[in-house]
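Student: Sharing a structure with you now.
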Amino acid sequence: MNPLRPRYHFSPQAGWINDPNGAVRVDGLYHLFYQANPHGLVHGPMHWGHATSVDLANWTEQPIALYPEASGQCFSGSAVAAREGRVAPELAADDAILLFYTAHRDGSPYVEDQAIAIADRGMTSFRKFAGNPVLPTPGPRDFRDPKVIWHAATQRWIMVVTHGQSIGIYSSSDALSWQAESEFGRSEGRHGTGPWECPDLFPITVEGSGEQAWILVVGLGQGHISGGSGTQYFVGDFDGQVFRNRHSAETELFMDWGRDYYATQSFSGLNGEDPLAVAWMSNWLYANHPPSEDFRGSMSLPRRLTLIETPHGLRLGQRVDEAVRAAFDPLSVAAGTPATPSSAAYRFAHRWAGEVGDELTLSLFGEADPVFTVRRTASDTCSVTINRGAHPAIAPERGFATDFTIDIIHAGPLDIDVFVDHGLVEIGCAGGLHWFSNIYFPADPAGRVTLAA
Ligand code: FRU
């Protein structure tokens, strides 16, 4: 058994995985599909792997759902129950689940079209629709990662999809014939050198007020604030045609400041519960290179999302889903006294009441160097530094090592919520307003934990 196989973060038995795809809850069972190359440890011919869970903490790997073929590899996409809206009769019986994926055909240039596969409600059989593609490329080379939702107010399906360095918004009254509505983001938020990938769009309620807003999630393959790949989001309004940013075009918001939180996707089929999102815990800078002999890649913990009114505007708050939190071994950690976890999958929380000039460091895995340092630099500001040393198996130019520092606006005691699972570390701060997710490959994943004030 690989000593670094995570216990509660999904990882495949064998082979490579990247983005979560087709996250959906059907009849009480969570289905998570994902980009998979079951026959290699690097990104390769893309299949959709499949896993299920009743509690979001314990996952069972299922047979591969979609296979690459001459019509293309199966790149990222999403899943919806046909009965959430209305679909063309040739597409599906009412109780079918529709998987929207990108058919990616290699070549120079490569070609990307949107396609559908149809699954039964139990998700045991999958058939690619004979009429694919349902949305051929309108031109941009990067045209992929369809996320489809039913928009009740206009009684149409909405698809958000990578459009080069922006997000295309399409609509359909039957999930089969699609029309372009608008495009968002060419001059908004953060841009790197590559396309915006893996968009997501969902409504959310502002905590306390009951007011509704919309979140547009966008993956930055390169150029994330902490380096390489990462997830940004926009808070806005959506009328079924156009997404309007409520913040200024320059505002940059991130779902996670860490290095390993990418291709974030929310679950469909939640019937109005708070949105629930999951991400791939890696980064295209070095994803193909970490040491491993059996599998490479894992998912984040699923996090529930709320929208919080802060002095700086609306921000996403995220908390690890309650059932997942409860699965981790609780560890009691006091500043100044090293604690020894009873397993390599543990959690602890700490309230830090540092004054201006004070500093708190967190060291994990029995190692001396801190992975996380927070300093109070002003009464309303803390600076957080994430440290990760170079890994001997990963060439230095891949940028695995990091000492990224970010200021977070926060007055008063700072709550820190830490989840550690065989080297995967997710740290939430300030009631889940700031997250830092990073992967480590420690020699002793259950090694001592030290908080030093
Ligand atoms: C994001 C991504 C997607 C694409 C998939 C291919 O990580 O590049 O845009 O669909 O991975 O595996």
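The values are calculated or read from the model by the stated rules, or taken from the named source; none is laboratory data. These numbers were taken from a predicted model, which means no experiment stands behind them. When we count neighbours, we look across all protein chains shown, and the Cβ atoms used for this are built from the backbone with ideal geometry, even at glycine. Just so you know, the surface numbers come from the protein's heavy atoms only, side chains and all, with ligands and any DNA or RNA stripped out. Shrake-Rupley method; radii C 1.70, N 1.55, O 1.52, S 1.80 Å.
Student: Looking at region 141-179, which of the residues that are among the polar types (S, T, N, Q) and either more than 16 Å from the ligand (Cβ to nearest atom) or more than 21 Å from the chain's Cα centre (by Cα) (or both) is surrounded by the most Cβ atoms within 10 Å (Cβ to Cβ)? Show your work before the answer.
Tutor: Residues of region 141-179 among the polar types (S, T, N, Q): 154-155, 162, 165-166, 171-173, 177, 179.
Next, only the ones that are either more than 16 Å from the ligand (Cβ to nearest atom) or more than 21 Å from the chain's Cα centre (by Cα) (or both) stay: 154-155, 171-173, 177, 179.
Details: Thr154: 14, Gln155: 11, Ser171: 18, Ser172: 20, Ser173: 16, Ser177: 11, Gln179: 10.
Among those residues, the one meeting the criterion is Ser172.
Student: Please work out if Gly49 is buried (at least 22 other Cβ atoms within 10 Å of the Cβ), away from the ligand (no atom under 11 Å from the Cβ) and without any contact (Cβ under 8 Å) to a residue 40 or more places away in the chain. If you could, list the steps in order and put the result at the bottom.
Tutor: Values: buried (at least 22 other Cβ atoms within 10 Å of the Cβ): yes; away from the ligand (no atom under 11 Å from the Cβ): yes; without any contact (Cβ under 8 Å) to a residue 40 or more places away in the chain: yes.
Yes; evaluated as a whole, the condition is true for this residue.
Student: At least 3 residues that are away from the ligand (no atom under 13 Å from the Cβ) and surrounded by fewer than 20 Cβ atoms within 10 Å (Cβ to Cβ) in each: list the strands (runs of 3 or more DSSP E) lying fully within region 180-286 that qualify. Working first, answer last.
Tutor: Numbers: elements: 196-205, 212-220, 230-238, 243-245, 262-266, 276-280.
Filter on region 180-286 gives 196-205, 212-220.
Student: Now, a different point. Looking at region 128-140, which of its residues are touching a Ser or Thr at 6+ places or on another chain (Cβ under 9 Å), more than 16 Å from the ligand (Cβ to nearest atom) and either more than 15 Å from Trp178 (Cα to Cα) or without any contact (Cβ under 8 Å) to a residue 40 or more places away in the chain (or both)?
Tutor: Selection gives Lys128 alone.
Student: Is it true that Leu99 is of a type outside the set (S, T, N, Q) and within 16 Å of the ligand (Cβ to nearest atom)? Give the steps one after another, and end with the answer.
Tutor: Working: of a type outside the set (S, T, N, Q): yes; within 16 Å of the ligand (Cβ to nearest atom): yes.
The answer is yes for Leu99.
Student: I would also like to ask the following. Taking strands (runs of 3 or more DSSP E) that do not extend beyond region 385-453, which have at least 2 residues that are farther than 17 Å from Pro370 by Cβ? Spell out the reasoning first.
Tutor: Working: elements: 402-409, 414-421, 424-429, 434-439, 450-452.
Counting at least 2 such residues, we get 402-409, 414-421, 424-429, 434-439.
Student: Looking at Val374, Val356, which is the one that is more than 24 Å from Tyr286 (Cβ to Cβ) and either small (Gly, Ala, Ser) or loosely packed, with under 13 Cβ neighbours inside 10 Å (or both)?
Tutor: Details: Val374 fails: either small (Gly, Ala, Ser) or loosely packed, with under 13 Cβ neighbours inside 10 Å (or both).
One residue alone meets the criteria, Val356.
Student: In region 60-85, which residue that is open to solvent by 50 Å² or more (accessible area, probe 1.4 Å) and over 27 Å from Ala152 (Cα atoms) is farthest from the ligand (Cβ to nearest atom)? Outline the logic, then answer.
Tutor: Taking region 60-85 first, the residues open to solvent by 50 Å² or more (accessible area, probe 1.4 Å) are 60-63, 67, 69-71, 83-84.
Retained after the next criterion (residues that are over 27 Å from Ala152 (Cα atoms)): 60-63, 67, 69-71.
Numbers: Thr60: 23, Glu61: 18, Gln62: 19, Pro63: 19, Tyr67: 14, Glu69: 16, Ala70: 18, Ser71: 15 Å.
Taking the candidates together, the pick is Thr60.
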